């Protein structure tokens with residue numbers, strides 16, 4: 001699928017950042033315009049206008065923000081579980097097979113415990129989820145161990161397919 005939203009980002013800056021291994025800066029150059037447009041539109045329907053690579057960057061950015069703050073339990077409780085099937089497919093597309101397996105494991109735990117994990121909770125109930133679902137501790141750690149390598153694979157893909165991410 002072709003993107004209906006290609007932001008104007010300086011291709012030379014992208015190439016310099018990539019060549020100099022400035023991966024955090026490169027990641028932000030690519031994902032920031034997506035967040036800005038999503039904020040303007042105020043609807044996740046915007047994801048439908050994006051290429052698979054752009055969807056991956058934006059969806060993964062939500063994932064990493066949530067997981068770093070409160071693990072996959074927070075990701076699920078904040079209503080982002082719907083991003084998971086696409087993320088798994090897109091991670092496989094860029095060769096991040098191990099992270100795709102981690103997310104598939106999260107999805108399996110969620111499906112088996114959907115009633116408990118999918119319901120709205122109080123602060124106290126939310127805190128108890130961490131005690132009840134200790135398997136997420138291991139999954140959260142697997143995510144942490146793979147995150148940087150996964151982000152690098154996503155950036156390798158983006159730089160190799162810039163026409164999917166920016167107006168060239």
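What follows is calculated from the coordinates using simple rules that are stated; it is not laboratory data. Predicted model, so just to flag it, every value in this text is computed and none were measured. Positions of Cβ are generated from backbone atoms using ideal geometry, with glycine treated the same way; all protein chains shown enter the neighbour counts.
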- Task: Rounded to the nearest 10 degrees, what's the angle between the helix 84-93 long axis and the longest principal axis of the chain, both from Cα atoms, 0 to 90?
- Result: 40
- Query: What does a probe at residue 10 reach in the stretch 136-168, counting residues whose amide N is under 17 Å from the point 7 Å along Cα→Cβ?
  - Reply: 166-168
- Determine the gain in length on full extension of the stretch residue 20-residue 111; use 0.36 nm per residue of separation and subtract their C-alpha separation, reporting nm with one decimal. 28.6 nm
- Figure the gain on full extension for residue 28 and residue 1 (residue separation times 0.36 nm, minus the Cα-Cα span) and round it to one decimal in nm. 7.4 nm
- Correct choice for log10 I(q)/I(0) by the Debye sum over Cα atoms at q = 0.12, 0.20 Å⁻¹ that was computed from the model, options (1) -0.56, -1.31; (2) -0.46, -1.51; (3) -0.55, -1.59: (1)
- Task: Working from Cα positions, state the angle (0 to 90°, nearest 10) between the long axis of helix 52-77 and the longest principal axis of the chain.
- Result: 30
- Task: Evaluate the distance, in nm, between pseudo-label points positioned 7 Å from the Cα of residue 69 and of residue 152 along their respective Cα→Cβ axes.
- Result: 2.8
- Query: What full-extension length gain, to one decimal in nm, is calculated for residue 168 and residue 126 as 0.36 nm per residue of separation minus the Cα-Cα distance?
  - Reply: 10.6 nm
- Item | Crossing angle, helix 123-132 versus the chain [Cα axis fit, 0-90 degrees, rounded to tens] | 80
- Over the chain, calculate the relative contact order: mean separation of alpha carbon pairs under 8 Å at least 6 apart, over the residue count, as a percent. 34
